[in-house]
1. Tell me which residues, restricted to segment A:223-250, are touching a helix residue (DSSP H, G or I) at 6+ places or on another chain (Cβ under 9 Å) and part of a loop (DSSP other than H, G, I, E, B).
2. Looking at segment B:188-195, can you tell me whether even one residue there is surrounded by fewer than 16 Cβ atoms within 10 Å (Cβ to Cβ), touching a helix residue (DSSP H, G or I) at 6+ places or on another chain (Cβ under 8 Å) and free of Cβ contacts under 8 Å to residues at least 12 places away in the same chain?
3. In segment A:121-157, how many residues are without any contact (Cβ under 8 Å) to a residue 40 or more places away in the chain, under 23 Å from the mean Cα position of the chain (by Cα) and outside any helix (DSSP H, G or I)?
4. For segment A:258-266, does any single residue satisfy the condition of being at pLDDT 90 or above and either more than 9 Å from every other protein chain (Cβ to nearest Cβ) or at positive phi (or both)?
5. For residue A:96, state whether it is in contact with a strand residue (DSSP E or B) (Cβ under 8 Å, 6 or more places away or on another chain) and surrounded by fewer than 24 Cβ atoms within 10 Å (Cβ to Cβ).
6. Could you check residue A:81 against (1) in a helix (DSSP H, G or I); (2) crowded, with 22+ Cβ neighbours inside 10 Å; (3) out of contact with any strand residue (DSSP E or B) (no Cβ under 7 Å at 6 or more places or on another chain) and say which number it fails?
7. When you go through (1) on the phi > 0 side of the Ramachandran plot; (2) modelled with pLDDT of 90 or more one by one for residue B:18, which number turns out not to apply?
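The values are calculated or read from the model by the stated rules, or taken from the named source; none is laboratory data. Being a predicted model, the structure only gives us computed values, none of them experimental. Quick reminder, even Gly has a Cβ in these numbers, built from the backbone with ideal geometry, and neighbours come from all protein chains shown.
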């Protein structure tokens with residue numbers, strides 16, 4: 001399941017695919033051949049791809065199933081949007097502002113990833129999955145009751161209601177509980193998204209091809225054996241999980257700066273989102289970063305492409321998902337595919 | 001007095017979680033898979049009961065039985081179509097993702113059939129509320145029925161597993177599938193039976209849940225489903241008494257947390273307690289400790 005060839009040229013094919021896809025999309029945009037609906041999907045596509053790459057590092061290379069990556073996205077989104085809203089007037093250059101916001105969002109997600117990983121990585125298997133799910137839900141829940149504002153006397157923080165802040169007349173709400181953050185500058189774009197994906201891919205490819213990456217994979221394959229040859233299991237597990245969370249956080253930054261209103265709903269930062277990202281990772285191939293990006297793009301576009309079927313589209317999406325899993329993984333289907341392949345080969349040789 | 005009332009409501013909600021958790025824990029014990037679609041089976045069961053009881057005016061008990069039949073069939077069909085082909089798949093994640101697909105399928109099918117608007121469920125329990133302590137403490141009929149039913153189900157299930165051949169076969173399959181097969185146990189039939197029981201119980205849980213919290217939408221099942229799974233893990237997954245203890249503790253914590261700490265943070269409190277328990281006892285309250293072999 002984890003056998004992956006790590007040939008160098010394979011990596012460049014991935015970059016090339018991303019760049020070609022970018023050029024094609026830009027060309028379509030310039031010639032005006034893209035519907036506004038598709039244009040609106042470009043940044044979300046990058047967000048999901050980025051998050052899927054991050055989760056794949058955790059699932060594919062660390063070998064731990066995390067169902068809480070939407071929580072890290074949430075942290076990245078809210079911390080960076082908070083910064084951007086507050087500094088909107090102080091820093092007018094949107095690129096500089098976005099880069100600082102990106103650093104802040106990623107750093108916060110990494111910090112939380114690290115803090116959560118310390119207790120969580122003591123568990124394994126399904127228990128680890130359910131605890132990461134729990135952490136993700138806690139993050140979403142706490143963000144929903146967070147009220148932060150400032151006035152001439154300074155900052156006010158509350159976790160009960162807007163009134164409890166006691167803001168003065170001239171005060172400004174930044175995070176308004178369930179209403180979230182409004183007025184985030186629209187700093188992210190498709191170009192930035194593609195650049196982030198390429199940076200993330202470079203990071204994960206270099207990591208997995210390094211001494212550190214091999215240490216992480218050895219823990220995944222056999223923790224006891226890895227420990228016995230002197231690999232610091234805890235350190236490498238923490239490292240991989242933190243980087244994975246940081247990438248998810250950067251996806252959150254991209255997500256937040258694409259919307260003027262940021263709220264933590266079950267739909268965007270709940271466990272459903274974590275599961276959706278996991279679906280991208282598994283369908284794209286566990287441990288295969290290129291597959292993650294492609295699966296994220298196809299599965300995000302699929303409901304939109306099926307829009308003509310109106311009400312039935314999500315039903316068909318579900319059926320396609322089940323059918324793809326059965327086709328890819330069922331032992332009977334695998335045997336059938338091999339038979340088919342052998343048949344094709346035979347006819348090819350005869351002809 | 002209000003504390004006692006909260007406690008009883010918590011036990012009642014916890015009983016519902018416990019019944020749902022049974023479905024998770026039995027399926028997990030036997031098929032080693034997390035059946036994400038279980039919560040949506042609950043929702044389907046509730047809709048069946050809603051249509052037969054609230055709209056067609058069928059006798060409440062008949063309505064519950066009908067919803068159980070539908071859910072049992074549904075559970076067996078899901079197992080046969082979506083999970084069985086993947087039982088020997090190399091990655092455990094494959095069947096998990098398929099279960100997620102089934103969950104999406106059920107939600108969206110319900111959305112098409114029943115519509116997105118929430119419907120108001122009328123309680124199937126017609127028992128009058130019990131007044132205790134001179135009228136200070138009013139316990140609704142639904143609450144009493146939920147708790148009693150939960151205990152009856154637990155009792156029956158324990159007897160079923162301990163005393164019947166089919167129950168023993170379930171235990172054997174959950175211990176070791178191959179050895180069970182060699183002893184002449186029909187493994188496929190046993191797994192199908194587990195899904196049937198779990199889904200039938202899900203129907204009861206759905207009706208009880210909607211009797212207490214009467215809004216029903218196609219998404220009603222997913223959050224209680226996740227919480228019940230949490231309860232199953234809390235009590236030690238694979239253990240039936242564990243599901244009861246985990247479910248009731250979770251319900252009580254949720255209701256007390258909502259009443260005394262913060263209504264908005266009740267879910268966060270539930271999950272925080274789960275994390276603490278798992279960190280202290282990684283296999284849950286009644287779970288078997290996992291041994292690591294070299």
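1. A:229, A:231, A:232
2. no
3. So the answer is 1.
4. Yes; the residues of segment A:258-266 include at least one that is at pLDDT 90 or above and either more than 9 Å from every other protein chain (Cβ to nearest Cβ) or at positive phi (or both).
5. Criteria not met by residue A:96.
6. (3)
7. Tallying (1) on the phi > 0 side of the Ramachandran plot; (2) modelled with pLDDT of 90 or more, residue B:18 fails exactly one: (1).
Conditions tested, residue by residue: (1) more than 10 Å from chain A (Cβ to nearest Cβ); (2) under 13 Å from the mean Cα position of the chain (by Cα); (3) in a helix (DSSP H, G or I).
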| residue | (1), (2), (3) |
| --- | --- |
| B:210 | yes, no, yes |
| B:229 | no, yes, yes |
| B:232 | no, yes, yes |
| B:241 | yes, no, yes |
| B:247 | yes, yes, yes |
| B:257 | yes, no, yes |
